[in-house]
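The values are calculated or read from the model by the stated rules, or taken from the named source; none is laboratory data. Fair warning: this is a prediction, and the values are worked out from it, not measured in the lab. Quick reminder, even Gly has a Cβ in these numbers, built from the backbone with ideal geometry, and neighbours come from all protein chains shown.
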Ligand SMILES: [Zn+2]
């Protein structure tokens, strides 16, 4: 994550579709959901009532498991706020102590090349903000995951991954900042437009190189060789016009107990992978349903749609910065040691604070964009795999870390996937609408 510059999933080192399809914490203390007895409503001769069938699925989750997953997920709402507030405090500390102005001066003393000054400032800025944000990152990324039984990873292994991420942030971030600040210097009036186009190019480049160069730094990818599992998936892919020759398995069990699958890459780097947790703990029907969902992302061009959508939000974010930046500099600029223009490197903490304020306020809209394509992928997956119960089982497993049954407002604001209730209802509605099979 490029610290201080908003929280769009695109700025993370992971691919856009790095998403959990369903987790199953395996600790012995974990209350296991009741066995997957086929619900009565589903087998009966009477027409299926999707609402009632959804309730039958949801009722299988014991109250204590439900309470735990609700607590984990609702804690995530607060974490979004704490992360924002902490980054705001860090930005204000950098500005009010004039540390940011001093970091700029250091960069200017070392070199007279503007682009190198930008890279130097960025590296100092990222190191300072990462250090100050480290306690919350440890709590959220490591301690809390163990507290809720989502991870077995040792602290050393987790910290090593953070270091790799930091190195990527130093290199990738410096390149991005060199481009952004060149735009800010050369187009003082229209930088928001050119900056958004540059951001779009960066999203495309990171999506392209992600599966080839970034993901292998964290995990090992192998091909799925068991023909019993592989062949139905490849067959499903070919039937839907996906030229796949391999199914990739990623060893994410070393980081998490969650079950996940994703589509990553663009153009010829696109690939669909499933993680080893999914492979080890889901039935073939569940795996097929989840993979068909991922294929939906590919066939429906969600990668391109999300890049276009997030580029638009970045453009709006830049316009928000443009509208508010001058006022803040007029009021506090001299106290902070700023020179005035938006291209002043020392003003990066202010730029980042304003930009991330926009993205915090836009959270319901960005979540709705992602949630909408996720719902489309669900419907594609139902039509392709024809496994409404397999998919519902997977959705129920997802409910172990994602609140199953939120209120409509809560789902609109906080959910980047439809809730378990919505997804199971979609599957049951699909099932209820099927014509009887030909004799
Ligand atoms: Zn998805």
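Is one or more of the residues making up region 46-57 more than 29 Å from residue 406 (Cβ to Cβ) and at pLDDT 95 or above?
Taking every residue of region 46-57 in turn, none turns out to be more than 29 Å from residue 406 (Cβ to Cβ) and at pLDDT 95 or above.
Taking residue 311 as the residue in question, decide whether it is more than 16 Å from the ligand (Cβ to nearest atom), within 24 Å of residue 193 (Cβ to Cβ), crowded, with 19+ Cβ neighbours inside 10 Å and within 22 Å of the chain's Cα centre (by Cα). Explain how you work it out, then say what you get.
Working: more than 16 Å from the ligand (Cβ to nearest atom): yes; within 24 Å of residue 193 (Cβ to Cβ): yes; crowded, with 19+ Cβ neighbours inside 10 Å: yes; within 22 Å of the chain's Cα centre (by Cα): yes.
For residue 311, the condition - more than 16 Å from the ligand (Cβ to nearest atom), within 24 Å of residue 193 (Cβ to Cβ), crowded, with 19+ Cβ neighbours inside 10 Å and within 22 Å of the chain's Cα centre (by Cα) - is met.
Considering only residues that are under 30 Å from residue 329 (Cβ atoms) and more than 16 Å from the ligand (Cβ to nearest atom), which ones fall in region 354-402?
Hits for region 354-402 are 354, 355, 356, 357, 358, 359, 360, 361, 362, 363, 364, 365.
All but one of (1) touching a helix residue (DSSP H, G or I) at 6+ places or on another chain (Cβ under 8 Å); (2) more than 16 Å from the ligand (Cβ to nearest atom); (3) at pLDDT below 95 hold for residue 98; state the number of the condition that does not hold.
(3)
Residue 412: assigned to a helix (DSSP H, G or I) and either at positive phi or more than 17 Å from the chain's Cα centre (by Cα) (or both), yes or no?
So residue 412 fails the test.
So, residue 317, is that one away from the ligand (no atom under 16 Å from the Cβ), in contact (Cβ under 8 Å) with a residue 40 or more places away in the chain, under 19 Å from the mean Cα position of the chain (by Cα) and at negative phi or not?
yes
Has region 331-349 got at least one residue that is surrounded by fewer than 17 Cβ atoms within 10 Å (Cβ to Cβ), without any contact (Cβ under 8 Å) to a residue 12 or more places away in the chain, part of a helix (DSSP H, G or I) and within 15 Å of the ligand (Cβ to nearest atom)?
Scanning region 331-349, I find no residue that is surrounded by fewer than 17 Cβ atoms within 10 Å (Cβ to Cβ), without any contact (Cβ under 8 Å) to a residue 12 or more places away in the chain, part of a helix (DSSP H, G or I) and within 15 Å of the ligand (Cβ to nearest atom), so the answer is no.
Could you check residue 85 against (1) over 24 Å from residue 354 (Cβ atoms); (2) modelled with pLDDT of 95 or more and say which number it fails?
All conditions are met except number (1).
Tally the residues that are assigned to a helix (DSSP H, G or I) and farther than 18 Å from residue 272 by Cβ, restricting the search to region 380-397.
7
Out of (1) touching a residue at least 60 places away in the same chain (Cβ under 8 Å); (2) closer than 30 Å to residue 383 by Cβ; (3) buried (at least 17 other Cβ atoms within 10 Å of the Cβ), what's the single condition that is false for residue 229?
(1)
All but one of (1) within 23 Å of the chain's Cα centre (by Cα); (2) touching a residue at least 60 places away in the same chain (Cβ under 8 Å) hold for residue 253; which doesn't?
Condition not satisfied by residue 253: (2).
Please state which of the following conditions residue 180 fails to meet, knowing it meets all the rest: (1) modelled with pLDDT under 95; (2) part of a helix (DSSP H, G or I); (3) more than 23 Å from residue 259 (Cα to Cα).
(1)
Give 156, 119, 115 a once-over and let me know the one that is assigned to a helix (DSSP H, G or I) and buried (at least 19 other Cβ atoms within 10 Å of the Cβ).
None of the other options fit; the residue is 119.
Among what's in region 272-302 and is surrounded by fewer than 22 Cβ atoms within 10 Å (Cβ to Cβ) and outside any helix (DSSP H, G or I), pick the residue that is farthest from the ligand (Cβ to nearest atom).
283
If I ask for residues that are modelled with pLDDT of 90 or more and not in a helix (DSSP H, G or I), which ones from region 227-242 would you list?
Result: 240, single match.
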